[in-house]
Structures are given as C-alpha cells and as structure tokens.
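Each remark here refers to the structure printed beneath this line.
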Amino acid sequence: MLEVNDLCIYTKDRRETIVESVSFNVGDGETLGLIGESGSGKSMTSKCIMRLLDPRCFTITGSVRWKNEEILSVKLPKDFRGNRIGMITQNPMTAFAPMIKLGKQLEMGFEPKGKASKKEFYERLNEALKRVNLYDMKKIINSYPDELSGGMLQRVMIALTMMKGPELLIADECTTAVDAASEYMILGELEKMKQNGMSMIVITHDFGVAARLCDNAAVMKSGRIIEYGRIFDVLRSPGNEYTEQLVSSSMLFREGVC
Amino acid sequence: MFRKIFRKPQAVIGLSMMLLVLVCVIFAPMFAPNDPNKIDILHKFAEPSDKYPLGTDDMGRCVLSRLIFGARVSMSIALPTIGILAVISTLLATICAYAGGLVDRIFVIVSNIFMALPPFLVAMTLVGAFESKAFGISISIIAAMWVWNAQVVRTYVLREKSKPYIITCRMSGCTELRIVLKHIIPNIVPHLLVLYSTGFSSVIIMISSYAFLGLGLETGTAEWGAMLVNADKLIYSHPEMLIYPGLCILFAAAGFNLFGEALRDICDPREG
Amino acid sequence: MTKRILARAAMLLLVMFGVTLLTFFYTSLSPVDAAQALAVRRYTRPTEEQVTEVRAELGLDKTFFEQYVNWLGNAVRGDFGNSYNTGKPIINELIASMKPTFIMAGMALFFTVLFSIPFGVLSACRKGGFADKTIYLFGIICMSVPNYWIGFMLLILFAVNLPWFAIMGAESMKDFVLPALALAIPTAAGNIRVFRSSLIDGYSSDFVMYARARGVSEMKIAGMVCRFALPPLVTMLGQGFGFTIAGSAMVESVFSIPGVGSMLVTALNSRDTVTVNACVLVIAVIFVLVNFIAEVINAALDPRSLTRRNSYVS
C-alpha cells in the first residue's frame, strides 16, 4: 500500500542530513512501528510522507508510492490528506487553533453545507465522541482548546480520525504526552481500528506500545533505519546493541512481563 | 554572542554606521572645514567649492560643517536621554514585574493612564516648561517614553520569571535580590540592547522633530532638524538644503536600527 | 462575557479621568504666569491690582484641584474657555482645525492598511527571498527618517519636479494625499515587520500542520492564520492612528495645513496654556477611544483576549 524507497531529507542547503536512505513498506491492514529516540527522524519521515514539509526549507529525494502511484513529486489531490492518509499528532494542546471554538474547527475538515448536512455532521460527531468516552459534546464544541485537557483533546483527534476513516493512519507519539488512562483508551481504540482493517504507522519510543500494536518494526537512529523486520523478531533477537538497549529500556520488558 | 554579531553582515554595517557617527561627534572640529556658526552673508548659497565642500546656507554658513557639528548636538542630547530612560524604565519595570501582586496591578493601571497620551504630545507639552532648552527636550522625551519602554521590559521580566530555572534557583536557596541581579537581568540584557538600539534612533528622530518645530533649541543651532526649519521656503531654489540634513538623520538612525534589528534576529531566531 | 466588557469599559473611564488629570498637570508645569502675560497684553504695564484682577478672571487664583474640577466640568460641556492669544472661544477653532487633521489621519490610516497588509503577506510568503529583503531594507530606511522629511521629499518629487500636486493648502482631497503618504510610510514600515512576523508564526505553528494533515483546505487555513496574525496589526493600526494625530504638527507645518497639530504648536510657542490643555485633552481622548475600538475589533477576532488579564503578554 505504502512504499517508501530511499527517502532522504536534507536542509535546503544540504548542510545537514535529517533522514537518510529510509525504506520500508506498509501493506494492506499492516501496522508498522517506527521506533527510536527523540531526534531520530521518525516524525520528519512521517511528515514527509504526508507532504507537510515546506519545500523551501528542505531538499527531499527518493520515492514514496501510495498504491503504486508516486506521491512525492506530484500535486496531491484535494481529498488525499485526512481521507486517504490521516495523522494524529504528538502534542494535542497545540494541535488546534487557540482562538477558534472547537466545534467550528472540527467542521473545517468536513465542510457540511446547509442545515441538514450540519445536523448530520454533529450526530456523527456525537457518536464518535461517545466511543472515546467523551459524552458532553455540547461542552466540547463550545470550548476553546486551552479549556480542555490534553487527554480529552487527544481523544477528540481520535474521534476525528474515526469519522474520516482513512486507509492509513500515522499515529505520531500519540501516547507520549497524555495520562495513563487516556493512553489505555487510545491504544484500545487504535487496536479496534486495526481490527477493522486500517493500516497504521505507529511512531513511538516505547517498545511496549509497539509490541502491542505493530506487525513490523523499523528502528531508527540518527536518521537511518538500523533494523527492520517483523516485530517479534526484532524484540527477541535484536540485530544490534542499540536496539537491545531500546528494548530493555521499555518498562514492559524490564519487568519481565513479555 | 559577540562572535554571532560579527558574523552577521547587517550587524556589522549597523555598528560601523554608529561608530562613524560617534567619530564625527568626537572629532568634529577635525573633520569640519569651517566654523559651523560663522555667518558670512556675502557668500550665502555659494556653490560647492574647496572652501565650502557642500556650499553654504542662507546665512553663509558652511553646510558640511553644520552637518558634522549637528551630530554633536543630536548625540549630546540623545545619549544621556536614552541612558536615563533605560535605567528608569528597566528599574521600574523589573521591580514591579518581579514583585508581582498589588504592586504590579497598580503599575499596570498607572501605565495604562500614561500610555493613553501619545508620547509626542506629552513631550511637546513638557518642552515648553523648562528653561534650559536642551535639558527640557531630554526630560520631555524621558517622561513621554518611559512607559512604553517599561511595558516592554515588563513583558521580558515576566517571561523570564516564569521559566523553570528560576524555581530551581529559589530551591537552592538564592535570595530574591540575587535572582534578579544575577539571573533575570543578565538574561534580558540582549533584549534590552535591541530595545534601546532601536529606541535610540527614535530619540534622534524626536529631537530633530522638536528642533524642526522650534520647540527646543535656540534658533540657528547647527542641528539637523533645525536646519530643515527654514528650508520649506527653499524647496524650489535649493532643495539640497532639505536633502542633506535628512540624509544625516537617516544615516544615524538607520545605523542604530540596523544594529538593533540584527541583534533582535540573533536573540530571537525564527526557525524556518 | 458582558461582565468582561463592563470591566473593560470601567477601566476605560478610569483611564480617561487619569488622562485628563495628567494633561492638566503637565500643562500646569509651565513656568509662565498666564495672568501676568495676559495682563501685559491688555494693559501694557499692568499694576498689581490689574494682574490680580486678571488672575481672578482666569480662575488662576484657586488651588490646583479646584481649577482642575472647574476646567473638567466645563470641558465636558464643550466649553474650553477662551484662548489667551485671541480671546475667542477655543471650541470653535478646535472644531475647525480638527477637520483637516482628521481627513489627513484618516487617509493616512487608509494608506497604512493599503501598504501594510499586501507587503506583509508578500514578505512572509517570500521569506528570505529578494522581495522580502528589499521590503525589509526599505522599511528600515523609512523608519529611520522623520515623517516630515519624507513629506519634503515627496514634495520635491511630486510637486516641484513633477507638477502633480500643489505645494500647500487644504482645499480639496487631493491636497491631503501627499501629507497622508508622509504619515503613512513610516508607520506602515513598522507594521509590515510585525504582520510578517505574526504570519510566519502562524503558518509554522502546530495547529496549521495538523489542520493540513486532516485535510482542511488552504483557504480555511489562511482564514485561521489571519485571525491569528491580525490582532497585533490591529493594535498597531489603532495606536498608529493616535500617534498620527498627535504627531501631525510637523507634517502640517510642511504642507501648511491648518490642523490641530499646528494649533497646538502655536499655542505652545505663545504660552497659551488654555488652548494647549484643550488640544491635548481632545487628542488624548481620541487616542484612548481609537485604542478601545482596536481592542473591540481584536475581541471579535480572538474572543479570549477579553478574558486574558491586561498584561501586555499576548
């Protein structure tokens, strides 16, 4: 479904290399884990796939193919982002515009026109919010982002994803900045979406999260992929020392749970 | 930080311009070919020549000399003004912002009132109240501008005060005074430099504006703004009398502005 | 919400009172004895009695606060007293001189907006490019010169060398174009920087990235960034209008426009404290009102600004 081949990202003047020679595949219904420490290039890779990087600041080479069509150098169709590939970002508190009420912002991705359409939209939103344990829709749509907690906002993002129903979801460190209860709920939802056939790229630095959700794993360090394979292969017999350290640093494995 | 300054061409250019003006101020007598106040009616509006490189004005005075000495007048008023302004607004703002609570609230309300008067207005009104003209200009500008500068300094202090390292300082037993002197102030100094560099150019422009309106200095003083006073009658015959002093103001103020803005880019870099 | 607006309005009233008091205080600092000056003008060599008479007539024998209250009470009713200079009621001359100043300032505001917004957008979009750098350089130059000098340059260019505009006068609208430009150019230079900065901040923020990621159209994103970036610009435009009116004296002098600024300068030079008081008060009140309007517009763009404490940390 998604094929990344020899992707390289440099700063505009080619002085710094951010990501080098990254290649991986995500098949239908598969989940790939991009694992690594902060600064290893995982987020940049995923932003690059979604064409969110400003070409004035970065030089990008390589190929990204979506369903066998090259998407790196062409003009993206209008409904590509959000509907084909979706994203959940790391920091929910800054993910929404601070001065616009949430309801209005949520409408923006959908553009319901006319009273009936709007009514239908809010009904769907209500359903989606209930599924992530947010029962007071009225409060949420009339609030500004800084009036809600990080966990709530993260759940709103998940609800949005459910409504859009993309074929591939990129979850960028979505459990890093939230409380344990929200993390539990988010991981549960992601599992459900995976069971419904959605492909995912899960970006995380925690092998525990990766183990739960992923089929394949790519370990990144300093902009390169240093290990790539099925998740349990990587876990049980890591190919190099760095991966070993990462694995053992995950709480789950330290306790000997797995 | 000094290395960063010298690596930025804009900062270097600005700094050079500032230094050039300073050199003119200090060594004016050496550079000026003639006495700027020497009146020679017979030779008024003379063409540029060896004796008068830029010609003479309507009273026969050497234009170039007046321009060079004009730097002295402007700087001698501007420097102490900005110095006192800096000290007053920084002190006041730091104390009030750091103390917080009621003191800060009162400061905000008082500032609101003072800021309701446009600075130029205040300065114009006050200038007339003083006997010694140059002193009057200085005090007026300080009285008018302190609020605006203090407001900006307050913002910086508040931002610094809420940074985590201050909490660490307190926990390790630092006294409040020490925190202010050793941590807060040194960390806002770069921002203050930006503020007062660009502020300096505003002061230069303000001084020339008062001179232009005849509100400050004695008539006939060799000062850039003052030289423009009678110039509107000359707009057809000798437009260059208008252009030269303005260019001097431009050079001096732009030097400070360029330096200040370059400094701002260094202190607050924006990622692309 | 209404509670917030009322609180803001109360603060506004408090500020207005403070402004009037401060104005009165500043003008009272003049070392000139107005009673003496007027007596001299009337009687050439006034006796002690005559001076005292004049003093009582002008109400200058009362205490500071009594004078202030009297003056304020009258001022609110539109009675500013008579000019020491001309002896005529100030209010008439004031109204007459406000008209040209307002036209000039209004036109200047129009030009400022006309220059600030497109050039700000252009600078931000072509950040780091040739257009950006040129606009920046031009901006620094415009901010480093007094507005009256720009006025002179405009005169030389467009009235002397090219006979498109008249040198002086305030008859038709055309006469106000050059002065308005002279006022607008330095103001716009500063505004362009601020707007550019806000736009760049807006476009590089997380919420724009996430909005793009979930498929929000570029038009809607532009709208969001505008709501984000406009408030600082609106504040500066409001302040700029006030500054323009306050600093109009110099440009009025260059173009011989009989506006409030000129009136003020004449009054200052002739120690006509009463007129000075009146002019300063009116200008200050306008300044406060315009800033209040700017705050209201910002509240529409960013409703949370009302609930934020008035702390200048935006």
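The values are calculated or read from the model by the stated rules, or taken from the named source; none is laboratory data. The structure presented is a predicted model; accordingly, all values stated were derived computationally and were not measured. Cβ coordinates were reconstructed from backbone atoms using ideal geometry, including for glycine residues, and neighbour counts include every protein chain displayed.
Out of A:LYS138, A:LYS164, one residue alone is of a type in the set (Lys, Arg) and surrounded by 18 or more Cβ atoms within 10 Å (Cβ to Cβ). It is A:LYS164. Taking the stretch B:1-99 and the helices (runs of 4 or more DSSP H) fully enclosed by it, the elements with 1 or more residues that are over 27 Å from B:GLY199 (Cα atoms) and among the aliphatic types (A, V, I, L, M) are at B:28-31, B:63-99. Selection of first residues in the stretch C:207-224 that are more than 7 Å from every other protein chain (Cβ to nearest Cβ) and of second residues that are in a helix (DSSP H, G or I) and not β-branched (Val, Ile, Thr), restricted to Cβ pairs under 6 Å at least 6 apart or on distinct chains, gives the following pairs, ordered by first then second residue: C:ILE221/C:ALA211.
Among the candidates C:VAL288, C:VAL276, C:VAL296, C:VAL282, the residue that is in a helix (DSSP H, G or I), touching a residue at least 24 places away in the same chain (Cβ under 8 Å) and either more than 10 Å from every other protein chain (Cβ to nearest Cβ) or polar (S, T, N, Q) (or both) is uniquely C:VAL282.
Which one of these does A:ILE18 not meet: (1) closer than 25 Å to A:PHE207 by Cα; (2) more than 14 Å from chain B (Cβ to nearest Cβ); (3) assigned to a strand (DSSP E or B); (4) β-branched (Val, Ile, Thr)? A:ILE18 satisfies every listed condition except (2). Remark: pairs (first residue in the stretch B:37-48, without any contact (Cβ under 8 Å) to a residue 40 or more places away in the chain and exposed (fewer than 13 other Cβ atoms within 10 Å of the Cβ); second residue part of a loop (DSSP other than H, G, I, E, B) and among the small types (Gly, Ala, Ser); Cβ separation under 6 Å; 6+ apart in sequence or on different chains) = B:ILE41/B:GLY60; B:GLU47/B:GLY55.
Counting only residues that are more than 12 Å from A:LEU160 (Cα to Cα) and either surrounded by fewer than 18 Cβ atoms within 10 Å (Cβ to Cβ) or within 8 Å of chain C (Cβ to nearest Cβ) (or both), the stretch A:76-88 holds 6 of them. The residues of the stretch B:116-144 that are crowded, with 20+ Cβ neighbours inside 10 Å and closer than 18 Å to B:SER76 by Cβ, listed by number, are B:ALA123, B:VAL127, B:GLY136, B:ILE137, B:SER138, B:SER140, B:ILE141, B:ILE142. Residue count for the stretch A:210-246, restricted to those that are in a strand (DSSP E or B), over 20 Å from A:THR176 (Cβ atoms) and among the basic types (Lys, Arg): 2.
Matching residues to (1) closer than 24 Å to A:LEU246 by Cα; (2) of a type in the set (Phe, Trp, Tyr):
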| position | (1), (2) |
| --- | --- |
| A:LEU2 | no, no |
| A:TYR10 | no, yes |
| A:ARG14 | no, no |
| A:SER21 | yes, no |
| A:ILE49 | no, no |
| A:LEU52 | no, no |
| A:ARG56 | no, no |
| A:VAL64 | no, no |
| A:LYS67 | no, no |
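Being outside any helix (DSSP H, G or I) and more than 14 Å from chain B (Cβ to nearest Cβ) is the filter here; which residues of the stretch C:1-53 pass it? Break it down stepwise before answering.
Here is the first cut: in the stretch C:1-53, the ones outside any helix (DSSP H, G or I) are C:1, C:29-33, C:44-47.
C:MET1, C:THR44, C:ARG45, C:PRO46, C:THR47 - these are the residues of the stretch C:1-53 that are outside any helix (DSSP H, G or I) and more than 14 Å from chain B (Cβ to nearest Cβ).
The residues of the stretch B:143-172 that are assigned to a helix (DSSP H, G or I) and of a type in the set (Lys, Arg), listed by number, are B:ARG154, B:ARG159, B:LYS161, B:ARG170. Against the numbered list (1) closer than 30 Å to A:CYS57 by Cβ; (2) β-branched (Val, Ile, Thr); (3) touching a Gly at 6+ places or on another chain (Cβ under 6 Å), C:ILE140 comes up short only at (3).
Here the condition is being within 14 Å of another protein chain (Cβ to nearest Cβ), within 30 Å of A:LYS12 (Cβ to Cβ) and of a type in the set (A, V, I, L, M); of C:ILE117, C:ILE141, C:ILE150, it holds for C:ILE141 alone. Being surrounded by 15 or more Cβ atoms within 10 Å (Cβ to Cβ) and under 19 Å from the mean Cα position of the chain (by Cα) holds for only one residue in C:PHE80, C:PHE111, and it is C:PHE111. Report whether or not C:ILE167 is surrounded by fewer than 19 Cβ atoms within 10 Å (Cβ to Cβ), touching a Pro at 6+ places or on another chain (Cβ under 7 Å), facing chain B (nearest Cβ under 9 Å) and farther than 20 Å from C:VAL113 by Cα. Considered against the rule, which asks whether it is surrounded by fewer than 19 Cβ atoms within 10 Å (Cβ to Cβ), touching a Pro at 6+ places or on another chain (Cβ under 7 Å), facing chain B (nearest Cβ under 9 Å) and farther than 20 Å from C:VAL113 by Cα, C:ILE167 comes out as no.
Table: residues versus (1) assigned to a helix (DSSP H, G or I); (2) at the interface with chain C (Cβ under 8 Å from one of its Cβ atoms); (3) at pLDDT 85 or above.
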residue	(1), (2), (3)
B:CYS174	no, no, no
B:LEU177	yes, no, no
B:ASN187	yes, no, no
B:PRO190	yes, no, no
B:GLY216	no, no, no
B:GLY246	yes, yes, yes
B:LEU263	yes, no, no
B:PRO269	no, no, no
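Output yes when any residue across the stretch C:177-189 is polar (S, T, N, Q) and either free of Cβ contacts under 8 Å to residues at least 12 places away in the same chain or within 14 Å of chain A (Cβ to nearest Cβ) (or both), and no when none is.
Checked the stretch C:177-189: no residue is polar (S, T, N, Q) and either free of Cβ contacts under 8 Å to residues at least 12 places away in the same chain or within 14 Å of chain A (Cβ to nearest Cβ) (or both).
State whether one or more residues within the stretch A:202-209 are in contact with a strand residue (DSSP E or B) (Cβ under 8 Å, 6 or more places away or on another chain), hydroxyl-bearing (Ser, Thr, Tyr), closer than 23 Å to A:GLU20 by Cα and in contact (Cβ under 8 Å) with a residue 40 or more places away in the chain. Yes - at least one qualifying residue is present in the stretch A:202-209. Can you find a residue in the stretch A:121-131 that is among the basic types (Lys, Arg), modelled with pLDDT under 90 and closer than 26 Å to A:THR176 by Cβ? Looking through the stretch A:121-131, at least one residue is among the basic types (Lys, Arg), modelled with pLDDT under 90 and closer than 26 Å to A:THR176 by Cβ.
Would a scan of the stretch C:237-248 turn up a residue that is within 14 Å of chain A (Cβ to nearest Cβ), of a type outside the set (Asp, Glu) and under 28 Å from the mean Cα position of the chain (by Cα)? So far as the stretch C:237-248 goes, no, none of its residues is within 14 Å of chain A (Cβ to nearest Cβ), of a type outside the set (Asp, Glu) and under 28 Å from the mean Cα position of the chain (by Cα). So C:GLU252 ticks every box in (1) modelled with pLDDT of 85 or more; (2) surrounded by fewer than 23 Cβ atoms within 10 Å (Cβ to Cβ) but one. Which box is left unticked? Of (1) modelled with pLDDT of 85 or more; (2) surrounded by fewer than 23 Cβ atoms within 10 Å (Cβ to Cβ), only one is false for C:GLU252: (2).
Selection within the stretch B:100-121: residues that are in a helix (DSSP H, G or I), under 13 Å from B:VAL147 (Cα atoms) and not hydrophobic (A, V, I, L, M, F, W, C). The member of this set that is nearest to the other protein chains (Cβ to nearest Cβ) is B:ASN112.
Rundown of residues vs (1) outside any helix (DSSP H, G or I); (2) modelled with pLDDT of 85 or more; (3) aromatic (Phe, Trp, Tyr), yes/no style:
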position: C:ALA222; (1), (2), (3): no, yes, no
position: C:PHE228; (1), (2), (3): no, yes, yes
position: C:LEU237; (1), (2), (3): no, yes, no
position: C:GLY240; (1), (2), (3): no, yes, no
position: C:ARG271; (1), (2), (3): yes, no, no
position: C:ALA300; (1), (2), (3): no, no, no
position: C:SER305; (1), (2), (3): no, no, no
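Looking at B:TYR165, is it surrounded by fewer than 17 Cβ atoms within 10 Å (Cβ to Cβ) and either more than 10 Å from chain C (Cβ to nearest Cβ) or over 26 Å from C:ASN269 (Cα atoms) (or both)? Spelling it out, B:TYR165 is indeed surrounded by fewer than 17 Cβ atoms within 10 Å (Cβ to Cβ) and either more than 10 Å from chain C (Cβ to nearest Cβ) or over 26 Å from C:ASN269 (Cα atoms) (or both).
Quick grid of which residues meet (1) surrounded by fewer than 18 Cβ atoms within 10 Å (Cβ to Cβ); (2) without any contact (Cβ under 8 Å) to a residue 60 or more places away in the chain:
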| site | (1), (2) |
| --- | --- |
| A:MET1 | yes, no |
| A:ARG15 | yes, yes |
| A:PHE24 | no, no |
| A:LYS42 | no, no |
